[in-house]
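Data block below; observations after.
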Amino acid sequence: MAHPLYLAAGRWHTPDTPAVPQPDDALLAWLVYPESLTAALKLRGDGHFRVQVLRQEWEIPSAEEAGQLQLARGERALVREVILWGTDQPWVFARSVMPEATLTGDASHLRRLDNRPLGELLFNDPDVRRGPISINRLRLNPASALPEGILAGHLAPQAWGRRSTFWLGERPLLVGETFLKDFNPDCAPGRAAPLQFKNKA
Ligand SMILES: C=C(O[C@@H]1C=C(C(=O)O)C=C[C@H]1O)C(=O)O
């Protein structure tokens with residue numbers, strides 16, 4: 001299994017979980033945003049938004065991800081890792097885990113996304129439902145090959161991320177998104193212009 005760019009540093013938890021460290025309001029608004037992150041970032045990116053596919057390979061997901069997806073032991077999934085670029089900076093690292101059994105029939109086109117945003121397909125399909133959003137602190141994975149390459153200088157040792165399961169009928173796929181240090185959350189999702197948040201950390 002390849003080494004993901006960021007690893008969970010804590011427990012995945014819903015944003016209203018008491019007594020767990022929380023991000024500041026500005027970033028929390030992005031972490032809990034229920035609509036398409038692609039659409040919200042496009043609004044911010046003034047025409048420069050793009051998806052860079054880092055890898056898209058069949059593999060056995062981590063035991064934790066397999067548990068989230070209710071996969072049988074050894075069941076493989078298509079793992080897609082991308083960077084969402086805003087203007088000329090990397091804003092989000094996304095890792096999607098799509099079980100083989102999910103990518104069949106009318107969902108088989110998800111095997112051939114290339115650099116089209118996954119969200120544009122998921123949010124335009126009326127039969128797709130999104131499960132609860134969990135958030136977590138993440139830590140940079142020293143085993144990942146990426147930091148020395150294209151993202152060198154753009155990766156903080158810790159970051160906040162979110163994760164949710166999308167349901168295509170009864171078939172799940174798991175989408176995780178980590179906000180990278182170049183992303184400025186001080187413009188609320190769904191708006192093109194910055195909003196001032198009261199209690200920034
Ligand atoms: C789920 C969405 O799709 C986005 C695009 C992704 C991709 O192209 O791989 C992955 C995760 C998301 O950041 C979304 O836009 O909300």
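Some observations on this one:
- Only one of the numbered conditions (1) without any contact (Cβ under 8 Å) to a residue 24 or more places away in the chain; (2) surrounded by fewer than 16 Cβ atoms within 10 Å (Cβ to Cβ); (3) out of contact with any His (no Cβ under 7 Å at 6 or more places or on another chain); (4) aliphatic (A, V, I, L, M) is violated by L43, and that is (1).
- Residues (farther than 20 Å from G131 by Cα, of a type in the set (V, I, T) and over 15 Å from the mean Cα position of the chain (by Cα)) located in the range 60-113: I60, T87, T104
- Residue in the range 120-129 that is open to solvent by less than 10 Å² (accessible area, probe 1.4 Å), farther than 21 Å from N141 by Cβ and in contact with a Leu (Cβ under 6 Å, 6 or more places away or on another chain) present: no
- Members of the range 74-118 found to be charged (D, E, K, R) and under 21 Å from Q52 (Cβ atoms), listed by number: R80, E81, D88, R95, R111, R112, D114, R116
- Strands (runs of 3 or more DSSP E) (entirely within the range 32-116) containing at least 1 residues that are within 15 Å of the ligand (Cβ to nearest atom), among the hydroxyl-bearing types (S, T, Y) and touching a Gly at 6+ places or on another chain (Cβ under 9 Å): 90-99
- In summary, L138 fulfils each of the numbered conditions (1) at pLDDT 95 or above; (2) within 11 Å of the ligand (Cβ to nearest atom) with the single exception of condition (2).
- Qualifying residues in the range 15-31 (those that are of a type in the set (D, E) and in a loop (DSSP other than H, G, I, E, B)) - the one surrounded by the most Cβ atoms within 10 Å (Cβ to Cβ): D24
- Hey, D125 within 12 Å of the ligand (Cβ to nearest atom), out of contact with any strand residue (DSSP E or B) (no Cβ under 6 Å at 6 or more places or on another chain) and under 25 Å from F183 (Cβ atoms) or not: no
- Residue list for the range 150-175, restricted to those being open to solvent by less than 40 Å² (accessible area, probe 1.4 Å) and more than 14 Å from W30 (Cβ to Cβ): L151, L155, A156, T165, F166, L168, G169, P172, L173, L174, V175
The values are calculated or read from the model by the stated rules, or taken from the named source; none is laboratory data. Bear in mind the structure is a predicted one, so any value in this text is a computation, not a measurement. Backbone-built Cβ (ideal geometry, glycine too); neighbour counts: all protein chains shown. Protein only, heavy atoms only, side chains kept; ligands, DNA and RNA dropped before computing areas. Shrake-Rupley method; radii C 1.70, N 1.55, O 1.52, S 1.80 Å.
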